[in-house]
Amino acid sequence: LADEHGVVDASVLTFAEQFPAFAGETTPQALLSSPRVRQLLLDAARLLGASTLKSCLEAATSLERAVTAGDLAGAHDALLTQKGTPRKLSEKLPGIETVRQAQDCLIEIAQAQAQHEAWLHQQRMARLTRLLVLQYAQLKRERGWIDMGDLERSALALMSDEVLSGWVQERLDARVRHLLIDEFQDTNPLQWQALSAWLSSYAGAGNAPSVFLVGDPKQSIYRFRRAEPQVFKAAQRFVADGLGGDLLSCDHTRRNAPAIIDLVNDVMGQAQAALEFDGFRAHSTESTETGAIFKLPRIARQADDDTQAEESANPASGWRDSLTTPRLIAEETRKTLECRQAAQWLTQQLQSGALRPQDIMVLARKRERLGLMQAELAALRIPAQQPEKTELADMPEVQDLVALLDALVSPAHDLSLARALKSPLFSISDDDLVQLVLRQRTLQLETKFSWFQVLQQSKDLPPSLAPLGAELALWKSWVDTLPPHDALSAIYHHGDVLARFAAATPANQREGVLANLRALLSAALQVDGGRYVTAYALVRALRAGGNPAPVRADAHSVRLLTVHGAKGLEAPLVLLLDTDGEALKAQTMGVLVDWPGEDAFPRRFVYLASESKPPACVADVLAIEQAARRREELNALYVALTRTQRTLVLSSLEPHIGNPASWWQRLQAHAVDTPWQELGEVVANPDHAEASVFIIPSLPNMPLALVEPAYIATNFVANGDNPEETGDSLESRIGQAMHRLLERYRPVLETLDTPPAWPDALRDSVALEFELEPVQLASAQAMARRILQGEGAWAWDASQLAWQGNEVGLAYQGHLLRLDRLVQRKSEGPNGGQWWVLDYKSSAQPQLQPELCAQLLEYKAAVAKAQAGQTVRAAFLTAYGTLIELPAP
């Protein structure tokens, strides 16, 4: 929107526009050659050289050399400090005023140089952003996506367009008589423009709907989503002046105890008196409950903390057993100590019977601290949950299953298999894993063996490992042949997955773990809509993130929330973690947006490389932005305090650099110390301290037909694997590398004489994946090039193709097929509109192998069914550059 109105290009002035005295110069560096500037600096050098002081003589010499050489940086160093301030020179020096003028001139040139660099940065970022926006829009069109920005801009277009707006507003008039918008302080300027475009048509009219806007600028804490409190103020003025509405205010609550309200009034009143806050009026409450404000012992920062942690991580022996001794990092240790102390204090309160877990809410500024707190509460058997933590891939139990899938898809991934073996699926001990490694070393004297292969072939493994080879082989056959959901479902049933994880999970976490494991099954159907997905694609999609975990409302757990996530909620006891955060730091590579609520578009849109060195033309906008951030910190404190019904508890960790405006500094004088004692073996409230005992039920075995490999061989085929390229021989690995290079090949604008090439990073990854030496990788590349430049080269010529795809997955007659390449020729020409199924082969005459021909004909039949009524042809592309078409059966 800013770009449409030309705001981006005009938001940062050129240095000549900002400093009219330098108009006419092309760059700040050229100013040193300006006769006026050059003469001023030489005069200053002459006056300094007349002094007998060593500092003045050195400055004179350096300045004269810099001016003579046209060295702006040297002139800077001669008269200014590294921070850009004037050097202290003798005030008794004759002509000191001229020297001061020279210093001021260099400071102004430095500002002009910063302005010029900022202008160049603005132009570069504007060009880059325009390109990225176009590419992102194209991606969304290709995939049928829309994002929140699209919705907001579409709403604005519908409400403000001269043609469309009348039609839309007419229908809104017929359907909407009362309009209520809650949490209006979280509205951004673009949303308000769409809304005001509709409501402004009622200004002065008698048929306006009743409009009720509810909001509180003191609770505006979503600036990262461009929410602006000043938009609420603009809406207030519009409703009052344009619609004749009334302004109603409420400073009375039923939620907070008098002690909490007194704290809010004191803290916010002091901030307002210091001009850090505005618009605050003293609150009152209907509650008559006794309130309290406590503070836990402060976790101090000691000078030798880092040294002690380093010594712990690196003992005198020089070796740390990573299986038993964690590596300690001082800062992480302090954070853990703060959470441990808070968890122990909460446990004392629960043991006393005065509180239940559901009466407690723990708030933190960042989600990181909540994970530590949940671990400490779990160690004390206190049920706790993070309602905001909704990423399925972050759940340990899901990571265990994903590691299993990874090991079954890629048997050479020993680390993934190690995690699966250590998980509740198998519960293999470290000692047994050591025996597995020793057996691996014995077997691979001549050939490299993976752990998966060792489990299949070794006869003298420990009893816990001996039966796993057959079980993993069976599971691998399902993963290789069944759709991912069906394979997972079979593994869940055959391996009693839910029961095993339930048995290994504490009672207060069991429901959540089982819910996440069931959600993994659902995710297998949701990735790409469940179509054409493979187990490998599922592993990648889960690890990439974006798959939400189920959100459970556990009525008997401590709630762990960020301040943002707690908005609108309340609890009898609120514990605030990390209240002594460091001061807000200057940001880098950010954006400044100056958009008053009444304006239709931003006044300025600035790409700012560094807030510590801003260009002069945006200093005012940056000052407003930084003041708004400080105000938002106070808003977040207000939100945190008002979540408390009766008891507020403060916890703090001494920061590396103190912040006088931190929450701890504002609140700690109002809090009293909590009675404290270290806990030994603790047990939570007896009502919630059930033993973690779980009986695995006797489940019926799977039907034999679903377990026997013969059934799989009869009913399913390998999902597109080429028989000639399976196995671990050198020839098969070179053939698989050829396939991978062709799969990742992307044609570029090349001359006919330039052979196809691949990036170094891709070639390195292929060599690593298939364990190839440089000569062997070169062989795979040569084979791939012959295919790309041979008789089938037209299959990569975009001018001849209407559609093209690599590694195309198709579901056909109950199993998955994977086509090396599928293309459709353009409609013009003798072969117009035909589909071609192309299968890469490293051998010279694949048409002589019946199993390969049968497989390719099945691919052709699958495409013919998907593209009914269209011509489908199938051919092998060999590493000798030939195209061998199979005749119709």
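Numbers at a glance
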read-out	value
Qualifying residue in the stretch 303-313 (condition: more than 30 Å from N188 (Cβ to Cβ) and at pLDDT 90 or above)	no
Whichever residue in the stretch 5-21 is assigned to a helix (DSSP H, G or I) and among the small types (G, A, S) and, among such residues, is nearest to H116 (Cα to Cα)	A16
Residue among K860, K865 that is part of a helix (DSSP H, G or I), over 25 Å from R746 (Cα atoms), out of contact with any Ser or Thr (no Cβ under 9 Å at 6 or more places or on another chain) and in contact (Cβ under 8 Å) with a residue 12 or more places away in the chain	K865
Hits in the stretch 623-661 - residues which are open to solvent by less than 40 Å² (accessible area, probe 1.4 Å), more than 20 Å from G568 (Cβ to Cβ) and over 27 Å from the mean Cα position of the chain (by Cα)	V649, L650, S651, S652, N659
Selection status of A227, under 24 Å from V563 (Cα atoms) and open to solvent by less than 30 Å² (accessible area, probe 1.4 Å)	yes
Residue match in the stretch 258-279 (condition: in a loop (DSSP other than H, G, I, E, B), touching a Ser or Thr at 6+ places or on another chain (Cβ under 7 Å) and over 30 Å from N207 (Cα atoms))	no
Residue satisfying all of: in the stretch 199-213; open to solvent by 40 Å² or more (accessible area, probe 1.4 Å) and closer than 24 Å to F601 by Cα; farthest from the chain's Cα centre (by Cα) among these	A203
A541, sole failed condition from (1) open to solvent by 10 Å² or more (accessible area, probe 1.4 Å); (2) within 21 Å of the chain's Cα centre (by Cα); (3) within 30 Å of E376 (Cβ to Cβ)	(3)
Breaking point among (1) out of contact with any helix residue (DSSP H, G or I) (no Cβ under 9 Å at 6 or more places or on another chain); (2) more than 23 Å from H116 (Cα to Cα); (3) at pLDDT 90 or above, for A627	(3)
Looking only at the stretch 800-857, and only at residues there that are hydroxyl-bearing (S, T, Y) and surrounded by 15 or more Cβ atoms within 10 Å (Cβ to Cβ), the one that is modelled with the highest pLDDT	Y840
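Okay, residues lined up against (1) free of Cβ contacts under 8 Å to residues at least 60 places away in the same chain; (2) outside any helix (DSSP H, G or I):
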| site | (1), (2) |
| --- | --- |
| K613 | no, yes |
| A619 | yes, no |
| A623 | yes, no |
| R629 | no, no |
| N635 | no, no |
| A640 | no, no |
| T647 | no, yes |
| P655 | no, yes |
| W664 | no, no |
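Conditions tested, residue by residue: (1) over 26 Å from A866 (Cβ atoms); (2) in contact with a Leu (Cβ under 8 Å, 6 or more places away or on another chain).
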{"residue": "V766", "(1), (2)": "yes, yes"}
{"residue": "L772", "(1), (2)": "yes, no"}
{"residue": "A780", "(1), (2)": "yes, yes"}
{"residue": "Q789", "(1), (2)": "yes, no"}
{"residue": "A795", "(1), (2)": "no, yes"}
{"residue": "A798", "(1), (2)": "no, no"}
{"residue": "L801", "(1), (2)": "no, no"}
{"residue": "N806", "(1), (2)": "no, yes"}
{"residue": "Q813", "(1), (2)": "no, no"}
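The values are calculated or read from the model by the stated rules, or taken from the named source; none is laboratory data. Note that the coordinates shown come from a computational prediction; the quantities given were computed from them, not determined experimentally. Positions of Cβ are generated from backbone atoms using ideal geometry, with glycine treated the same way; all protein chains shown enter the neighbour counts. We work out accessible area using only protein heavy atoms, side chains counted, and drop any ligands, DNA or RNA first. Shrake-Rupley method; radii C 1.70, N 1.55, O 1.52, S 1.80 Å.
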